[in-house]
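The values are calculated or read from the model by the stated rules, or taken from the named source; none is laboratory data. This structure is a prediction, so every number in the text was calculated from the model and none was measured. Glycine also receives a Cβ, built like all others from the backbone with ideal geometry; neighbour counts cover every protein chain displayed.
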Amino acid sequence: MISKIDFYIISLLRACSIPLARISLFVVFFWFGALKLVHTSPANPLVEALLSRTLPFLTFEQFIFWFGVYEMTIGIAFLVPKLERIAIVLLIPHMITTALPLVLLPQITWQSFLTPTLEGQYIIKNCVIVALAFSIAARLQPIKTTPHH
């Protein structure tokens, strides 16, 4: 009896895990990107500080608009079937860039040794996003190529 219930629960979780992962990534990226477009993102000061250290020739207004659009694009790509590969390709530079403040802005991201600030925690939680994206990628079907004659 317990094994049947266990099997049922696991089967149900397997059936809904990828759709839930896709929806979750969509919500996070689309929502956070949209907040950047309307200039209400709590991450904006951190983004502005990083921008001034890495790309000082860009204005914050220009950058934050396109960064928000970029994040929203990642979210949409995770949601739309067959666009997961694009989402993951877009996710890679995003995750690298968003990790940079841990190194380039330690006064904002670290309270003390191995003790992140709230901003640092916000960045470190991206490990979960990467793991979720990996789980989606692991379920993709390999691309089939046709032999050339």
Item to complete: Can you tell me which residue among Ala99, Ala138 is among the aliphatic types (A, V, I, L, M) and at pLDDT below 95?
Response: Ala138
Item to complete: Identify all residues within the stretch 1-51 that are β-branched (Val, Ile, Thr) and within 20 Å of Leu83 (Cβ to Cβ); write none if there are none.
Response: Ile18, Ile23, Val27, Val28
Practice prompt. Run Val47 past the list (1) more than 16 Å from the chain's Cα centre (by Cα); (2) more than 30 Å from Gln141 (Cβ to Cβ); (3) part of a helix (DSSP H, G or I); (4) among the hydrophobic types (A, V, I, L, M, F, W, C) and report the number of the one that doesn't hold.
Written response: (1)
Item to complete: Please identify the pairs in which a residue from the stretch 30-45 that is under 14 Å from Phe63 (Cα atoms) and in contact (Cβ under 8 Å) with a residue 60 or more places away in the chain has its Cβ atom under 9 Å from the Cβ atom of a residue that is of a type outside the set (Gly, Ala, Ser) and part of a helix (DSSP H, G or I), counting only partners at least 6 apart or on another chain.
Response: Ala43/Phe32; Ala43/Leu35; Ala43/Lys36; Ala43/Thr98; Ala43/Glu119; Ala43/Tyr122
Worksheet, complete the sentence: Those residues of the stretch 109-149 which are farther than 23 Å from Ile86 by Cβ and of a type in the set (A, V, I, L, M, F, W, C) amount to Trp110, Phe113, Leu114, Leu118, Ile123, Ile124
Response to the item:
Of (1) in contact with a Gly (Cβ under 9 Å, 6 or more places away or on another chain); (2) part of a helix (DSSP H, G or I); (3) not β-branched (Val, Ile, Thr), Tyr122 satisfies every one except (1)
Worksheet item: Residues Ile64, Ile10, Ile5: which one is in contact (Cβ under 8 Å) with a residue 24 or more places away in the chain, out of contact with any Phe, Trp or Tyr (no Cβ under 9 Å at 6 or more places or on another chain) and either in a helix (DSSP H, G or I) or under 17 Å from Ala133 (Cβ atoms) (or both)?
Response: Ile64
Worksheet, complete the sentence: Filtering the stretch 67-93 for residues that are over 11 Å from the mean Cα position of the chain (by Cα), crowded, with 18+ Cβ neighbours inside 10 Å and aliphatic (A, V, I, L, M) leaves a count of 2
Discussion item. Please determine whether any residue of the stretch 11-30 is loosely packed, with under 11 Cβ neighbours inside 10 Å, among the polar types (S, T, N, Q) and under 22 Å from Gln141 (Cα atoms).
Written reply: yes
Discussion item. What's the number of the only condition in (1) of a type in the set (Ser, Thr, Tyr); (2) in contact (Cβ under 8 Å) with a residue 24 or more places away in the chain; (3) more than 28 Å from Ile23 (Cα to Cα) that Thr145 fails to meet?
Written reply: (2)
